[in-house]
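Quick note: the coordinates plus some simple rules give every number you see, no bench work behind them. These numbers were taken from a predicted model, which means no experiment stands behind them. Glycine also receives a Cβ, built like all others from the backbone with ideal geometry; neighbour counts cover every protein chain displayed.
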Amino acid sequence: MDLLPIIVVVSFFQLVVIRQPFPDLGQILLGGLFVVLGLMLFIEGLELGLFPIGEAMANALARKGSLLWLLVFSFLLGFSTTIAEPALIAVAGEAARIATGSGLLADDPALAERYSMGLRLTVALSVGFAIVLGVIRILKGWPIYYLIIGGYILVMAMTFFAPKEILGLAFDSGGVTTSTITVPLVTALGVGLSSTIKGRSPLLDGFGLIAFASLLPIIFVIGYGLIWF
């Protein structure tokens, strides 16, 4: 049912607008079957494994009463899930290829690899700090809109000084970080932490960490661009 709208739209444009049969129909059907199976296993895996372990670790660290370990865990969780994010790996590699092809970087595979890895590390560090900021917000009970509005005002100010070559990539980095691996674990952390702390609501305080994980990469990648270009 979730994939049905995509199937209808693609089929309509292919058969009615373009008026051509599907190329390699058998391969497309096989690929569609793999997508259905993959999504099913992915959703079940989140429900069975990632959400429970994220909530359980947040509860355990909050009950332990160690702020330092909670913040260290939050940073490492954000960093490790982002550095392994498939979407970020793909975008960083494509950015390095385009930068090399357009002459922004020397035509050196090693240099392109360093640029790509540097971009991934920058985004991963930014998400790590973003999760720490989100956890502190939950602990302190700060209103989320103050931090979000302030962050985007900073982003708007930085765009006047950012190299034009990095600007679009910086805004895209905020989106690719919040994908298949990062979102479930970070959401579970926020919900589990707010469920444990007295006076916090999982609905009001448990969500919002993903917003920080989308915002800080923009700031960090613009800074990365200022260094490189």
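Numbers at a glance
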read-out: In Hz, Karplus ³J(HN,Hα) per residue of the stretch 57-67 (6.51, -1.76, 1.60; θ = phi - 60°; x = Gly, Pro); value: 5, 5, 4, 5, 5, 5, 5, 5, x, 9, 5
read-out: Where only C-alpha atoms are counted, convex hull volume of the stretch 108-229 per residue in Å³; value: 95
read-out: For log10 I(q)/I(0) by the Debye sum over Cα atoms at q = 0.12, 0.13, 0.18 Å⁻¹, calculated from these coordinates, the label among (1) -0.68, -0.80, -1.48; (2) -0.95, -1.00, -1.18; (3) -0.80, -0.90, -1.20; value: (3)
read-out: Candidates per trypsin sites (Lys or Arg not before Pro) in the stretch 146-229, loop by DSSP, up to 10 other Cβ within 10 Å; value: Lys198
read-out: Gap separating the Cα centres of the stretch 1-56 and the stretch 85-109, nearest whole Å; value: 28
read-out: Nearby lysines by direct alpha-carbon distance to Lys64 (threshold 22 angstrom, same-chain neighbours under 8 apart not counted); value: Lys140, Lys198
read-out: Loop-located trypsin sites (Lys or Arg not before Pro) in the stretch 54-148 whose Cβ has at most 12 other Cβ within 10 Å (DSSP); value: none
read-out: Choice from Gly118, Gly38, Gly49 showing the highest fluctuation, given a GNM over the chain with Cα pairs closer than 10 Å; value: Gly38
read-out: Neighbourhood net charge (14 Å Cβ-Cβ; Lys/Arg +1, Asp/Glu -1) for Ala90; value: -1
read-out: In the stretch 82-189, chymotrypsin sites (Phe, Trp or Tyr not before Pro) in a DSSP loop with at most 11 other beta-carbon atoms within 10 Å; value: Phe160, Phe161
read-out: Farthest positive-ward along the chain dipole, Cα basis, beta-carbon charges - from Gly208, Val127, Met117; value: Gly208
read-out: Three semi-axes of the equivalent ellipsoid, the stretch 1-114, Cα gyration tensor, whole Å, largest first; value: 38, 29, 11
read-out: Charged-residue dipole, Cβ positions (Lys, Arg, Asp, Glu), the stretch 1-91 about Cα centre, Debye nearest 20; value: 180
read-out: Residue-averaged 222 nm ellipticity for the chain, from DSSP H runs of 4+ at -39500 (n - 2.57), nearest 500; value: -25500 deg cm²/dmol
